[in-house]
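Only one structure is covered here, and it is reproduced in the block below.
No value in this document is a laboratory result; all are computed from the given coordinates. Keep in mind the model is a prediction, meaning the values are calculated, not measured. When we count neighbours, we look across all protein chains shown, and the Cβ atoms used for this are built from the backbone with ideal geometry, even at glycine.
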Amino acid sequence: MKIAFIGLGNMGGGMAANLVRAGHEVHAFDLSPEALSKAAENGCATHSAVPDAVAGADAVVTMLPNGGIVKAVYTADVIGKAPAGALFIDCSTIDLATAREVTQAAIDAGYDMVDAPVSGGIAAANGGTLTFMVGGSEAAFDKARPVLEPMAKAVIRAGDSGAGQVAKMCNNMLLAIHMIGTCEALALADKAGLDPQTFYEISSKSTGYCWSLNDYTPAPGVGAASPADNGYAGGFASALMLKDLRLAMGGAETAGASVPLGEHAAKIYEAFVEAGNGGKDFGAIFTTL
Ligand code: NAD
């Protein structure tokens with residue numbers, strides 16, 4: 001299959017390489033020359049403009065920083081430039097309104113489109129083990145699945161257009177809340193005289209178990225291996241968690257949903273990022289307690 005891939009950063013670079021490994025002809029574009037030359041090393045054909053990359057493509061995959069960029073790329077350079085009937089897959093994490101608007105514009109112009117944001121970080125992008133949460137018609141999902149599978153551990157249809165972004169914002173709001181709760185519980189155990197490792201052994205087998213505690217323990221040297229054991233380097237940056245929380249807060253406002261703990265988590269990550277910690281793994285909230 002001929003696949004155009006736009007946005008070859010931390011995530012998209014590894015994803016495009018996995019499509020090449022699966023035998024697809026991948027045509028890549030990124031504004032960054034470094035990202036493009038890495039894509040060439042990984043077997044992609046590279047282009048100096050989006051319309052060149054999408055010419056003749058059966059599918060277009062995008063992995064871009066935000067909704068404004070996604071909208072600009074699709075409206076200026078993909079819709080009307082890719083062949084009629086091509087499938088568009090936006091894997092970026094963006095706001096729901098923009099996701100639905102861009103999909104509608106693509107459908108109106110005769111294309112199929114799904115939103116397909118991912119769970120899993122750079123290691124999962126490189127390893128082909130992302131979870132894709134897909135919003136779009138059943139027919140579009142059936143076309144998208146074989147494109148996504150070489151990059152995926154799981155490909156799940158969440159519902160109609162935008163449902164993938166809803167799943168992503170709800171998942172990451174929950175993740176932020178249980179990460180902060182895990183940090184608070186570990187710090188409280190320690191300060192109240194209980195060895196944090198002993199607390200981990202008890203709570204990870206009790207009703208306090210959750211992914212942040214069991215699989216990504218945010219206290220150095222305690223429980224499961226995580227970026228905490230490496231000075232909170234790598235992992236999932238606090239700035240990206242704040243981005244996702246802001247998307248969730250915007251989504252909650254539009255939907256009229258009450259999310260008091262989500263709002264509190266957003267404030268905590270905002271203060272942490274503004275204090276210069278945006279590049280640290282999101283488990284580093286532990287260091288503030
Ligand atoms: P990144 O900044 O590393 O990569 C984005 C790439 O897009 C860059 O290479 C940039 O040059 C390129 N780009 C920007 N504007 C462009 C344009 N107009 N045309 C072409 N290329 C353009 O970001 P990332 O970490 O790869 O994240 C990409 C998306 O994936 C974001 O929406 C992010 O929220 C989401 N995401 C990231 C992670 C993670 O752990 N990094 C995890 C899940 C989801």
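Data overview
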quantity: Cα centroid separation - the range 217-242 against the range 150-195, whole Å; calculated: 14 Å
quantity: Gln104 paired with Glu25, simple spin-label distance in nm, labels 7 Å along Cα-to-beta-carbon; calculated: 3.6 nm
quantity: Sites Lys153 and Thr207 - FRET efficiency at Förster radius 22 Å, r taken between beta-carbons, to 0.05; calculated: 0.25
quantity: Prolate/oblate/rounded call for the range 2-159, Cα gyration tensor, a/c under 1.5 rounded; calculated: rounded
quantity: Chain lengthening between Lys267 and Glu41 when straightened (0.36 nm per residue, less Cα-Cα); calculated: 77.2 nm
quantity: Extension gain from Asp52 to Leu289, taking 0.36 nm per residue of separation minus the Cα-Cα distance; calculated: 80.2 nm
quantity: Fewest-first ranking of Ile177, Ile285, using other Cβ atoms within 10 Å as the exposure measure; calculated: Ile177, Ile285
quantity: The chain: calculated mean residue ellipticity at 222 nm from DSSP helix runs of at least 4, using -39500 (n - 2.57); calculated: -14000 deg cm²/dmol
quantity: Taking Phe272, Phe29, Phe282 and counting other C-beta atoms within 10 Å, the order from fewest to most; calculated: Phe272, Phe29, Phe282
quantity: Neighbour-count order for Ser212, Ser206, fewest beta carbons within 10 angstrom listed first; calculated: Ser206, Ser212
quantity: Inter-label distance for Arg246 and Thr75, nm, one decimal - labels placed 7 Å from Cα along Cα-to-Cβ; calculated: 2.0 nm
